[in-house]
1. How many residues are open to solvent by less than 80 Å² (accessible area, probe 1.4 Å) and either closer than 30 Å to M60 by Cβ or within 13 Å of the chain's Cα centre (by Cα) (or both) if we restrict to region 291-315?
2. Consider T64 carefully, then state whether it is under 36 Å from the mean Cα position of the chain (by Cα), modelled with pLDDT under 80 and β-branched (V, I, T).
3. For region 251-264, enumerate the residues that are surrounded by fewer than 20 Cβ atoms within 10 Å (Cβ to Cβ) and assigned to a loop (DSSP other than H, G, I, E, B).
4. Please report, ordered by residue number, the helices (runs of 4 or more DSSP H) entirely within region 129-204 with at least 3 residues that are open to solvent by 50 Å² or more (accessible area, probe 1.4 Å) and closer than 30 Å to F229 by Cβ.
5. Give the residue, chosen from S59, S86, S120, that is polar (S, T, N, Q), surrounded by fewer than 17 Cβ atoms within 10 Å (Cβ to Cβ), in contact (Cβ under 8 Å) with a residue 12 or more places away in the chain and out of contact with any Ser or Thr (no Cβ under 6 Å at 6 or more places or on another chain).
6. Based on this model, can you work out whether F100 counts as within 29 Å of I245 (Cβ to Cβ), open to solvent by less than 40 Å² (accessible area, probe 1.4 Å), free of Cβ contacts under 8 Å to residues at least 40 places away in the same chain and touching a helix residue (DSSP H, G or I) at 6+ places or on another chain (Cβ under 8 Å)?
7. For the structure I just gave you, tell me whether A73 is touching an Asp or Glu at 6+ places or on another chain (Cβ under 7 Å) and either more than 30 Å from N264 (Cα to Cα) or surrounded by 14 or more Cβ atoms within 10 Å (Cβ to Cβ) (or both).
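The values are calculated or read from the model by the stated rules, or taken from the named source; none is laboratory data. All values derive from a computational prediction rather than experimental measurement. Cβ placement follows ideal geometry from the backbone for every residue including glycine, while neighbour counts extend to all protein chains displayed. For accessibility, only protein heavy atoms count, side chains too; no ligands or nucleic acids. Shrake-Rupley method; radii C 1.70, N 1.55, O 1.52, S 1.80 Å.
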Amino acid sequence: MVLQTEPVAADTAVHSLPPVHRRRQLKLSDLAGIAFLLPVIAFLGLFLVIPIIRGIVLSMQDWTLISFVTGEAPFVGLQNFIDIVSDPDFFPISWQSLVFTVVSLVFQYAIGMGLAVFFSRRFPLSVVLRSLILLPWLLPVIVTATVWRWMFNQDYGVVNSALFGGADIGWLSNTDLSLWAVIIANIWLGIPFNMVLLYGGLQSIPESLYEAAALDGANGWRSFWSITFPLLRPVSAVTLLLGLIYTLKAFDIIWVMTRGGPVNSSHTLSTWSYQLSFEGDRALGMGAAVSQILVVITLVFGLIYLWALRREEAR
């Protein structure tokens, strides 16, 4: 009761003031609100808006190695985008990006879901095992990539010696296998992230639903499809969207393991953008154009997620 009467009393006090004082009071409260927003606006402008605008401008300039010396970068409009799309490597690398993203997301989500359901049951050492599975997420990506590069080594890698009887398989030197090698490493890297989010979602499902389903004769598989999977849909959407963003911009795991090779066979758009910008001719304009294409793809999927979320809330 006291909490409800205090705001009413304050509101009554404001309205009892003369109009001039009331406007002054409201202006002061508006100024205070703006003052609280200023740090957020400054942060977003400095670290989000300005880099985005700078990236867009850079993608429309002919930034080359000479520009680093002269400081001159002629405006070329959409020519960098036309050159990128006309490049013979664009569509193969785009296809590799699609395969890398879709396969990584599917296996990360499926394995993460399986582990989340498994660890939602209480059994001895479950906490210890769950902590061990989080290990890939806690390690720096460069460490993870170096370990997987060693494991896939053609001469002394543990993958060939333990799983293929010492066969001479060039996981990182064969153009047909290099992309799958980095996909396997990326799946391993993303499983803990998926498991943690889905495990948190499972904890919010009431146990009484499973008890009622068991009384109705539903087995474990039926309970999963009729209770767990539908109620985890919002968490699954967030997990897949964040996983999509992380996978699209994945760079270090690929660069450390293969540097996009051999013969561009494991390049994705993110590593190709880096290679165009900082290796060879240092064509920063073309590299920025590739990164803008990635931004547009991410923005499209983000908008699709927001549309699906609003549709789900409207039901």
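1. Residues in region 291-315 being open to solvent by less than 80 Å² (accessible area, probe 1.4 Å) and either closer than 30 Å to M60 by Cβ or within 13 Å of the chain's Cα centre (by Cα) (or both): 10 in total.
2. Taking the combined requirement at face value, the residue satisfies it.
3. Across region 251-264, the qualifying residues are F251, R259, G261, P262, V263, N264.
4. 135-138, 178-203
5. S120
6. The answer is no for F100.
7. yes
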